[in-house]
Amino acid sequence: MPPGAMMRAMVLDAPGEPLRLETRPVPAPGPGEVLIDVAACGVCRTDLHIVDGELEQPVLPLVPGHEIVGRVRALGSGVGGLRVGDRVGVPWLGHTCGACSYCRRGAENLCDAPQFTGYTRDGGYAEACVADAHYVFRLPDGPDDAAMAPWLCAGLIGYRSLQMAGDARRLGVYGFGAAAHLITQVAQAEGREVYAFTREGDAAAQAFAREFGCVWAGASTERPPELLDAALIFAPVGPLVPAALAAVRKGGTVVCGGIHMSDIPAFPYALIWGERSVRSVANLTRADGEGFLEAAARASVRATVTTLPLAEANAALARLRQGDVTGAFILVP
């Protein structure tokens with residue numbers, strides 16, 4: 001970028017307020033960082049949790065967005081393995097300390113001093129962003145930029161959730177949105193059956209699930225025709241936990257795949273008895289990213305997306321808040 005270059009960005013000044021369109025200087029990459037021209041950035045439910053104040057420690061003012069696809073424009077000092085022009089993806093996990101007990105044992109997703117893209121460091125609701133070079137992924141050829149953006153969070157968290165389900169053959173998915181429609185394709189490529197659960201009366205979401213090959217689709221209040229081996233919950237709705245426990249067999253697993261969820265209500269011990277388990281997914285590791293990119297390529301994963309101009313970020317968030325989305329919204333500068 002030439003000295004003094006400017007860019008547009010959508011900025012959050014305070015939780016609960018609309019994002020503000022701002023023109024600001026293009027950031028310069030520091031040591032170990034890369035400057036990326038943003039080609040597409042997904043609108044994730046986590047962004048909504050940040051904007052609405054449900055995740056309470058953003059670094060403000062903030063440029064949200066952590067499903068970023070772009071091209072390397074400039075390299076900071078000490079960066080190796082990347083070149084100007086490379087197509088890269090930037091995920092939620094933006095940096096870890098490398099020194100805490102979690103990092104040392106390979107659980108960097110639980111790092112005690114992490115940084116998160118679009119939460120504690122500026123993200124991709126902008127024409128350019130800076131990222132730690134160690135936490136970006138070189139992206140394969142194949143899907144275009146907008147179609148690949150949801151891979152960077154919906155896909156990665158879906159993949160980590162699927163890994164926690166073990167070898168479950170009959171898999172329930174609660175909340176058939178961005179993450180569910182991606183990971184369903186990976187699950188089917190692995191020979192699993194997927195059962196989709198949606199909001200009551202949401203015929204469009206159930207049809208969407210069937211379009212992606214789910215063997216059954218119904219309301220989250222319904223019991224599936226077969227007991228499930230495991231269930232993945234992507235909707236941030238606490239009462240789905242006991243509902244999912246009631247739908248899994250003895251020894252089955254319920255995986256909560258969101259970063260935020262409403263309170264889980266009390267439920268009878270009988271629902272968890274029989275060695276059923278409930279697990280949560282926290283963030284991702286770089287190994288998850290590499291694993292998902294390989295699995296998605298094998299499964300020829302395709303994303304259903306609706307693209308919107310960067311300046312319409314508030315409209316995209318409002319529609320996501322209302323559940324008015326099929327697949328994922330993608331902002332394009």
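The values are calculated or read from the model by the stated rules, or taken from the named source; none is laboratory data. These figures come from a predicted structure and were not determined experimentally. Heads up, the Cβs are rebuilt from the backbone with ideal geometry, glycines too, and the neighbour counts pull from every protein chain shown.
Hey, could you check region 317-328 for residues that are touching a helix residue (DSSP H, G or I) at 6+ places or on another chain (Cβ under 9 Å) and over 21 Å from Glu211 (Cβ atoms) and say which is modelled with the highest pLDDT?
Leu317
Of the numbered conditions (1) assigned to a strand (DSSP E or B); (2) within 16 Å of the chain's Cα centre (by Cα); (3) not assigned by TED's automatic domain parsing to the domain that holds Ser220, Val173 satisfies every one except a single condition; which is it?
Unmet condition: (3).
Cβ-Cβ distance below 8 Å, separation of 6 or more or different chains: which pairs start in region 287-310 with a residue that is touching a residue at least 40 places away in the same chain (Cβ under 8 Å) and charged (D, E, K, R) and end on one that is buried (at least 17 other Cβ atoms within 10 Å of the Cβ) and outside any loop (DSSP other than H, G, I, E, B)?
Asp288/Asn109; Asp288/Leu156; Asp288/Tyr159; Asp288/Arg160; Glu290/Phe137; Arg302/Ala147; Arg302/Gln185
Here are some residues: Gly94, Gly98, Gly65, Gly124. Which one is out of contact with any Leu (no Cβ under 9 Å at 6 or more places or on another chain), of a type in the set (Gly, Ala, Ser) and assigned to a loop (DSSP other than H, G, I, E, B)?
Residue meeting the stated conditions: Gly98.
Test of understanding: among Ala295, Ala244, Ala270, Ala303, which residue is among the small types (Gly, Ala, Ser), at pLDDT 95 or above, closer than 29 Å to Arg223 by Cα and out of contact with any strand residue (DSSP E or B) (no Cβ under 9 Å at 6 or more places or on another chain)?
None of the other options fit; the residue is Ala270.
Can you pull out every residue in region 289-308 that is surrounded by fewer than 22 Cβ atoms within 10 Å (Cβ to Cβ) and under 12 Å from Val43 (Cβ atoms)?
Within region 289-308, Thr306, Thr307, Leu308 meet the criteria.
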